[in-house]
Amino acid sequence: MTLTVRVITPDKIVWDDAAQEIILPSTTGQLGILTGHAPLLTALDIGVMRVRPGKDWRAIALMGGFAEVENNEVKVLVNAAELGDKIDREAARAEYTQAQANLEEATKSGDRAKLIQAERALKRARARFQAAGGMVQV
């Protein structure tokens, strides 16, 4: 038995396939889903969703949203998402490095709005870089 997994953004369907297992970046931590999981509705954080359609895992960068699990169907509704193997790793690394520098500048400036914006940009850049296969220090 498998899970039916759909990752949907406002403008496209990023994933629509069966999977053996998935790991979601919920707002309370990583959440593993297998067949037979109890019904669930959870908020998702910006992070990496892992999907195992067969033997190998696939990564999808998620930009926050919600997931619903019911009757071996997982619907992931997010603001944006990207398959990890479609992300240019070096471009994602450069984006992550720049986001770190921007966060340092925002921290020094003391501007609360800039700091919040820089923190969110860093989370997005980290998710994209990790989904592309990059390793980051937390």
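The values are calculated or read from the model by the stated rules, or taken from the named source; none is laboratory data. Please read these numbers as outputs of a predicted model, since none were measured by experiment. Methodologically, a virtual Cβ is constructed for each residue, glycine included, from the backbone with ideal geometry; neighbour enumeration extends over all protein chains shown. Keep in mind that these areas ignore ligands, DNA and RNA; they rest on the heavy atoms of the full protein, side chains included. Shrake-Rupley method; radii C 1.70, N 1.55, O 1.52, S 1.80 Å.
Can you go through THR35, THR42, THR2 and tell me which one is out of contact with any Leu (no Cβ under 7 Å at 6 or more places or on another chain) and among the hydroxyl-bearing types (Ser, Thr, Tyr)? Give the steps one after another, and end with the answer.
Details: THR35 fails: out of contact with any Leu (no Cβ under 7 Å at 6 or more places or on another chain); THR42 fails: out of contact with any Leu (no Cβ under 7 Å at 6 or more places or on another chain).
Residue meeting the stated conditions: THR2.
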*Restricting segment 109-134 to residues that are open to solvent by 80 Å² or more (accessible area, probe 1.4 Å) and more than 27 Å from ASP16 (Cα to Cα), which is nearest to the chain's Cα centre (by Cα)?*
ARG120
*asked:* Can you tell me which of (1) open to solvent by 50 Å² or more (accessible area, probe 1.4 Å); (2) polar (S, T, N, Q); (3) under 21 Å from ALA132 (Cβ atoms) is the one THR2 doesn't meet?
replied: (3)
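Among the residues of segment 24-34, write down those that are open to solvent by 50 Å² or more (accessible area, probe 1.4 Å) and closer than 16 Å to THR4 by Cα. Talk me through it step by step, then tell me what you get.
Pass one, segment 24-34, residues open to solvent by 50 Å² or more (accessible area, probe 1.4 Å): 27-28, 30, 34.
Result: LEU34, single match.
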*Residues in segment 46-103 that are open to solvent by 70 Å² or more (accessible area, probe 1.4 Å), among the basic types (Lys, Arg) and assigned to a strand (DSSP E or B): how many?*
3
*ALA106 is checked against (1) open to solvent by less than 50 Å² (accessible area, probe 1.4 Å); (2) at pLDDT 95 or above and fails just one. What number does that condition carry?*
(2)
*asked:* When you check ALA19 against the structure, is it open to solvent by less than 20 Å² (accessible area, probe 1.4 Å), of a type outside the set (Val, Ile, Thr) and closer than 20 Å to GLN130 by Cα, yes or no?
replied: no
*Only residues in segment 7-19 that are under 16 Å from GLU68 (Cα atoms) count as the first member; pair them with residues that are among the polar types (S, T, N, Q) and outside any strand (DSSP E or B), Cβ under 6 angstrom, at least 6 apart or cross-chain, and list the lot.*
ALA18/THR2
